[in-house]
1. For the chain, give the magnitude of the charge dipole about the Cα centre (Cβ charges: +1 Lys/Arg, -1 Asp/Glu; no others), in debye to the nearest 20.
2. Per DSSP helix of 4 or more residues, -39500 (n - 2.57); summed, then divided by the residues of the chain. What does that give at 222 nm, rounded to the nearest 500?
3. Please work out the Kirkwood hydrodynamic radius for the chain, using every pair of different C-alpha atoms, and report it in angstroms with one decimal place.
4. By a straight-distance test (C-alpha under 15 Å), which aspartates and glutamates pair with Lys554 as possible cross-link partners, with residues fewer than eight away in the same chain excluded?
5. Could you tell me which of Gly710, Leu205, Ser156 has its Cα farthest along the dipole of the chain towards the positive end, charges placed at Cβ (Lys, Arg +1; Asp, Glu -1), taken about the Cα centre?
6. What's the angle, to the nearest 10 degrees (0 to 90), between helix 83-93's Cα axis and the longest principal axis of the chain?
7. Once you treat every alpha carbon in region 219-352 as an equal point and sum by Debye, what is log10 I(q)/I(0) at q = 0.09, 0.16 Å⁻¹?
8. In degrees between 0 and 90, to the nearest 10, how far off the longest principal axis of the chain does helix 652-661 point, with axes built from Cα atoms?
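The values are calculated or read from the model by the stated rules, or taken from the named source; none is laboratory data. All values derive from a computational prediction rather than experimental measurement. Counting neighbours? That spans all protein chains shown, and the Cβs are built from the backbone with ideal geometry, glycine included. Keep in mind that these areas ignore ligands, DNA and RNA; they rest on the heavy atoms of the full protein, side chains included. Shrake-Rupley method; radii C 1.70, N 1.55, O 1.52, S 1.80 Å.
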Amino acid sequence: MTGGSGSVTLSNSRRGGLESVLRHDVPASLVVFLVAVPLSLGISVASGAPLAAGLVAAVVGGIVAGALGGSVVQVSGPAAGLSLVVAELVQVYGWRATCMITLMAGVLQLLLGVFKVARAALGVSPAVVHGMLAGVGVVIALAQLHIVLGGQPQRSALENLLELPEQIINNHADGVLAGLLTIAVLIVWTRLPKLKLVPAPLAALVITSLSAVAIGWDLTVVDLTGGFGSAGGPLLPQGDWHAVVGAVVLVAVLAGVESLLTCVAADRMHDGPRADLDRELTAQGAANLISGALGGLPVSGVVVRTTTNVRAGARSRWAAVLHGVWVLLATLAFASIIGLIPLEALAALLLFIGVKMVNLGNAKDLRGHGEMPIYFVTMGAVVVIGLAEGIVIGLAVAAVISLRRLTWVSVEVQQHAGRWRVVVTGSLTFLGVPRMTDALRTIPAGAPVDLDLHVDFMDHAAFETLHAWRLEHERTGGTVDIDELHDDWYSAAASGTRVFPAKSPPQLDRWYLPWAYRRGAADPVSEDLRTGTREYHRRTAPLVQPLLTRLARKQTPSHLFITCADSRIVPSLITASGPGDLFTLRNIGNLVPRYGAAPVDDSVAAAVEYAVMVLGVRTITVCGHSGCGAMVALLGDVPELPSVQRWLRHGRQSLDRFAAESAGEETGRLDLLCRTNVIQQLDNLRTYPMVEALEQAGKLELTGMYFDIGTARVHALADEEPLRPVPELR
């Protein structure tokens, strides 16, 4: 039975998988195929390679990288971003040697994937990558514009720009018309929702090709008479091997980085399995090895095809694989039809793609991170100097900006209540010394200064400057109180102790710590309060002054909070409240004498009356706590203190209630009494006529809370079940 059940499950799984492929992946593969063919041909033209080379790369990228890759939706093939590199390699070494460079780049990518270094590629600044692609787009657009005008592109973007006026004057009218028609269809097609089933590049080439045949335009058409065989095969490059190795590394790195970044972007587009980057890099290496061996262009993951694949509904890697199969079959069966496509139309398609590669949206996204200079410098360098040089310059600018951020320091000088406060934040290195020195010069001689160092690093130059200023300021009669909020860089350097960043634990924010737990606590204890007040004036007062200024005229608390005088209970801490939230009443045992009880205690009654009748609080909360000394006294250990003994008479109702409800309980008696006491005090509150009336009218709520000091947890207490554990407040 077990085996039969397993067979049925496996059969259903396979049937479901096949159904998903037929329903989702096959249609998606056809859409991507229709996009891939014109783009592959256009990139071949831009690369100066045989037209079949782009189709070979599309087939290999789809089948090999699609089957072996780490992403289930990424589609690989020839990429426009690599066309400049390939074009230069073709000019220097020839096409067949370029195929060998592609093959060797694939081997290098395989090795990098085996050694699992794919994550390192993500360390390249996206600003450099986007800037590189934008620069490539400008170069492609300028080069292809010459082809549309009937001329030949020059060797550099600047030469293309300089020759453009003459080329416009001496243009080839038929080529211009074909190019304009192609671009017009590309622009209009995407704005017609009903026509989105047919990709815009395919529609543009088909319409332009049919128009050229119908009108009789004199155009140059694609030549695929040799089929895949016209791509040629690899041949060892001749010349400087250092340059060849550099070319191999450049192709491998550029193709790998573009593939991995596209892979990461693809993960954001779908809800399927996440990508394995090392596997993806290995698959790209295998694809480039085979593409180079078969005479194809370098292969990488392509954003346009991947996005198209996801939007078309692809669910698995079968969509990418099948798209490669369709490209193969179409090339073998319809080479003569593909041969009707005018080169001017392909050039116009590339011109359109090149312009779109200058994505100002990416630049706007980078603006918030201060990386726009990287983008534009990289783009400009790629256009003016060259691709490899532009990338190096972009990386250098990114490194300089990162170094500047790592060494960034902020120095703020404030004057408050007769004291000067200086706050230094960031990494305090020699680069920040001038800024710090300028700020310190504004402090008058002899003034008291609170210096807060919130720095994660301090080099020797910064320490020497700061230490010298401190000594000089103190010599003139001033005082300097240094407080290090992160690491003890200054004090360690002053004492001759070496500080290791990795071993220097960050100092916790200290506002909630007892004085005894803070480094530099005052000694003797009598100075603790003065020290705390000075710290308040230095750190907290400037922050809360605007708030307290608004609250100075009137208080409008929403809660009356009755709790114990125990020093371990901090109402604002356990309720995360601030100034003006709680009207707080504290006494021993958080007791509320019953209305009219003897001995008379008007202090509690006055607080309740004022909170309810004047302040209009909406909630009264009684908060007890574990280990309460008052409850210990009620259990039989009353101290010989007359005032305390008289006060604890108000707790006898709690003791009686505890005795009645916990009969037979031997363990946890103190904890049960502490919680019972909270419930009893809520009942005592209801003996006040004004409280009872407002509660019955729904205008006042009475709640009980219990703070377990040992676990630092706050619990809500229910009137009807005071002796049972209750859920924690979240």
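1. Details: 55 positive and 60 negative charges, 188 e Å.
The calculation lands at about 900 debye.
2. On the way: 31 runs with 395 residues, N = 730.
Using -39500 (n - 2.57) per qualifying helix, the result is -17000 deg cm²/dmol.
3. 32.9 Å
4. In chain and number order, the partners are Asp581.
5. Working it through, the farthest residue towards the positive pole turns out to be Leu205.
6. 50 degrees
7. -0.36, -1.10
8. For helix 652-661, the angle is close to 60 degrees.
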